[in-house]
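Undergrad: Provided herewith is a single structure, encoded as structure tokens, for subsequent inquiry.
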Amino acid sequence: MTRRPLVVSTAALSVLALCVASGSAGAAATAAKPAAGSATSVLSLITATAGGHELRIGDLTLLSNTLSGSPLSNVIVTPLTADGTAYGRQVVTPGTSPNSVPGQSSPAALAGLLSLNSPTFGTSASNGPSAHAGASSLGSLSLLGIPVPLTGSLDLATTVSGTAGAVGSKTVTIKNLALPSIADLLAALGLDLSKLPVTTLTSLVNQLDLATSAITTAEGLASSALAQVTSAQSAVSAATSSLTSATQALTSAQTVLDSASSTLLGIINQIPLLSLPAGADTVAGFTALTTALQSTLVALVPGGTSALSAFGVASTALAAAQGVVSTATGVLSSAQATLAGLLTTLQSLLAPLQALVTTVLDSTPLVSLDSLSLTSKAAATSNKSGGQQAEVVGGSITGLHVLGTDVLNNVLGSSTLNLADLVGSTAGSVTSAINGLTGTLSGVLSAVPGLPQLSIPAPQVELLTKTVSTTIAGGFGKASTAVQGLKITLPAITLPTALALPGAASLPALSGVTQVTGLLSSAPISLGLLTLSDQASFRPAVLGTPSKPTTPATTPITPTTPITPAAELPYTGLPVGITVLSLVLVGGALVLRRRALAAG
């Protein structure tokens, strides 16, 4: 009886050793990993540059991720950035949510160039994790001192879920956008439109198809008056030419008469003094005598008769030349009077025509649109092929006008376009139409007769440029989008001072005056609306998996009383747990047996 407990203990230890070895052989080979992902949504509402300065409003960054094992989410809001300095920046976390981030205004010193006021942003972040930001307005914008109407809204969100994946998305809407008019922009750049020829301005509105019925009527009247002026100018030119010829003939006749007078005076000087009446010793006095007496007197001198005859012919020719000159002078005076009247009439017609053209140019924005809505999305739901999405999932543009032309309607036959269709040949056609219009503006204003130094490059208008990508890397499915809604660039212009407004050199948009050449030069201006990007990265949960069991290598235990080794137990998936339970049961049996023996 005293050896049985030892035998039993030895057997239990043997079983424990075998089970521990078996349990080690069946341990898990792959560790379990929870789902992890990140989503980021970034927006820059407006970026404007002018005169070497840059202003930005509405810079938002939303972040949600579970990459560290703990959910993280926040919203970084920078209402305004001026020349690299951030104003009103806040980081909103779950602990500070929800939060309203107030708007900011750009420095007053830049108001002549750019003036921006950011909207108020509503933000929130949760430990979901998820983040959200939105605004019911887009703030305000002034370019070169000219207000730019701007209304709309924005909505951004990011979320990461262990089952649904990671998503970054945003929806932005802009309504009733209108950049400054052609006339206002050119005036802000120093150009005085009234100093350009009316024919240049009418050519511009005609080529841009902006001419109204009033302009057409006024242009017709002016054209008719101009034709009359041209005819009158021809008449003046002809009369001037006739007068010039008559004057030349008169000069020749005067020369002949002067020669004949000299010859006649020589004859008079040879006439005996007793025969000459008093005062007849000059040509004027002699020719004042009667014709008969003149003939009698010159007959006294050889060659006198012929000299008197030549003088008479020369006098008659001079009188005729003087008559022609007088007539030509009258014709010229009449033609000049007619021309002056017609010029007055033409000017009276050109003034209202110029006013009509200027009014049209003053009411025609460089670019305007009724609405632009855009929804972009980057989503990753798995790390397998096809589990990623990156695209502009929705949106439309309505009423896009460039220099007064409804571009979409002209190209596509409709003023509204689904942004998903703005690809391939459609996008190429729209871009070509825009470039044609801006090229017309540049071509007309950069080819003014007599003003070769005036240079106004074509404005650049870029509509909806985007890049998207999806990939699988590092065990994560990834998706990203980057979208530029609208970008407008006004290159630097070169302006002769003869066409500049008074005080143009001090305008904020101008970099200064080149005194040597008498030119003004502006700084480039750019305006970017809706710069968007979304990124999503996700890896689904990974379950732990055990390795295939192998025959354990054991070290034999030599008991005090030999026992027969048990056969190898099959792998059950929980060998260590069963071993521990067996040991507890055996130990309990030993304790009970010893108590029974003690009691006996």
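Undergrad: Cβ-Cβ distance below 9 Å, separation of 6 or more or different chains: which pairs start in the stretch 291-317 with a residue that is modelled with pLDDT under 95 and end on one that is of a type in the set (Phe, Trp, Tyr)?
TA: Short answer, once both residue conditions are applied: Gln294/Phe286; Leu297/Phe286; Val298/Phe286; Leu308/Phe286.
Undergrad: Same structure, new question: Report every pair of residues separated by at least 6 positions or lying on different chains whose Cβ atoms are under 9 Å apart, first residue within the stretch 222-246 and more than 26 Å from Thr200 (Cα to Cα) and in the same structural domain as Ala337 (by TED's automatic domain parsing), second at pLDDT 95 or above and not in a helix (DSSP H, G or I).
TA: none
Undergrad: While we're looking at this one, here's another question. Considering only residues that are hydroxyl-bearing (Ser, Thr, Tyr) and within 25 Å of the chain's Cα centre (by Cα), look in the stretch 474-515 and name the one that is modelled with the lowest pLDDT. Walk me through how you get there before you give the answer.
TA: First, the residues of the stretch 474-515 that are hydroxyl-bearing (Ser, Thr, Tyr): 480-481, 489, 494, 497, 506, 511, 514.
Those left that are additionally within 25 Å of the chain's Cα centre (by Cα): 480-481, 489, 494, 506, 511.
Numbers: Ser480: 94, Thr481: 91, Thr489: 92, Thr494: 89, Ser506: 79, Ser511: 61.
My answer is Ser511.
Undergrad: Let me ask something else about it. Yes or no: the stretch 208-217 includes at least one residue that is crowded, with 20+ Cβ neighbours inside 10 Å and under 39 Å from the mean Cα position of the chain (by Cα).
TA: Kept after step one, since they are crowded, with 20+ Cβ neighbours inside 10 Å, are these residues of the stretch 208-217: 208, 215.
Next, from what is left, pick out any that are under 39 Å from the mean Cα position of the chain (by Cα): 208, 215.
Yes, because at least one residue in the stretch 208-217 is crowded, with 20+ Cβ neighbours inside 10 Å and under 39 Å from the mean Cα position of the chain (by Cα).
Undergrad: Hey, could you check the stretch 43-56 for residues that are surrounded by fewer than 20 Cβ atoms within 10 Å (Cβ to Cβ) and on the phi < 0 side of the Ramachandran plot and say which is nearest to the chain's Cα centre (by Cα)? Talk me through it step by step, then tell me what you get.
TA: Quick first cut of the stretch 43-56, residues surrounded by fewer than 20 Cβ atoms within 10 Å (Cβ to Cβ) only: 49, 51-54.
Filter again for on the phi < 0 side of the Ramachandran plot, leaving 49, 53-54.
Numbers: Thr49: 10, His53: 16, Glu54: 14 Å.
So the residue we want is Thr49.
Undergrad: One residue is enough: does the stretch 114-125 have a residue meeting the conditions closer than 26 Å to Thr381 by Cβ and touching a helix residue (DSSP H, G or I) at 6+ places or on another chain (Cβ under 7 Å)?
TA: Yes, because at least one residue in the stretch 114-125 is closer than 26 Å to Thr381 by Cβ and touching a helix residue (DSSP H, G or I) at 6+ places or on another chain (Cβ under 7 Å).
Undergrad: Give Ser213, Ser203, Ser194 a once-over and let me know the one that is at pLDDT below 90 and either outside the structural domain of Ile146 (by TED's automatic domain parsing) or polar (S, T, N, Q) (or both). So that I can check it myself, show each step before the final result.
TA: Working: Ser213 fails: at pLDDT below 90; Ser203 fails: at pLDDT below 90.
Selected residue: Ser194, the only one of Ser213, Ser203, Ser194 that is at pLDDT below 90 and either outside the structural domain of Ile146 (by TED's automatic domain parsing) or polar (S, T, N, Q) (or both).
Undergrad: Which of the following residues is surrounded by fewer than 19 Cβ atoms within 10 Å (Cβ to Cβ), under 24 Å from Ser480 (Cα atoms) and in the same structural domain as Ile46 (by TED's automatic domain parsing): Gly95, Gly134?
TA: Numbers: Gly95 fails: under 24 Å from Ser480 (Cα atoms).
Going through Gly95, Gly134 in turn, the sole match is Gly134.
Undergrad: Residues being of a type outside the set (Gly, Ala, Ser) and either at positive phi or surrounded by fewer than 24 Cβ atoms within 10 Å (Cβ to Cβ) (or both): count how many of those fall in the stretch 160-176.
TA: Total satisfying the criteria: 5.
Undergrad: Now for a separate question. Quick one: Ala420 ticks every box in (1) in a strand (DSSP E or B); (2) closer than 30 Å to Thr381 by Cα bar one, so which box is it?
TA: (1)
Undergrad: What pairs come up if the first residue lies in the stretch 329-349 and is closer than 17 Å to Ala246 by Cα and in contact (Cβ under 8 Å) with a residue 40 or more places away in the chain, the second is of a type in the set (A, V, I, L, M) and surrounded by fewer than 16 Cβ atoms within 10 Å (Cβ to Cβ), and their beta carbons are under 6 Å apart, counting only those six or more places apart or on different chains?
TA: If the second residue must be of a type in the set (A, V, I, L, M) and surrounded by fewer than 16 Cβ atoms within 10 Å (Cβ to Cβ), no pairs are left.
The values are calculated or read from the model by the stated rules, or taken from the named source; none is laboratory data. Remember, predicted model here, so these are calculated numbers, not experimental data. Because the Cβ atoms are built from the backbone with ideal geometry, glycine has one as well, and the counts that use them run over all protein chains shown.
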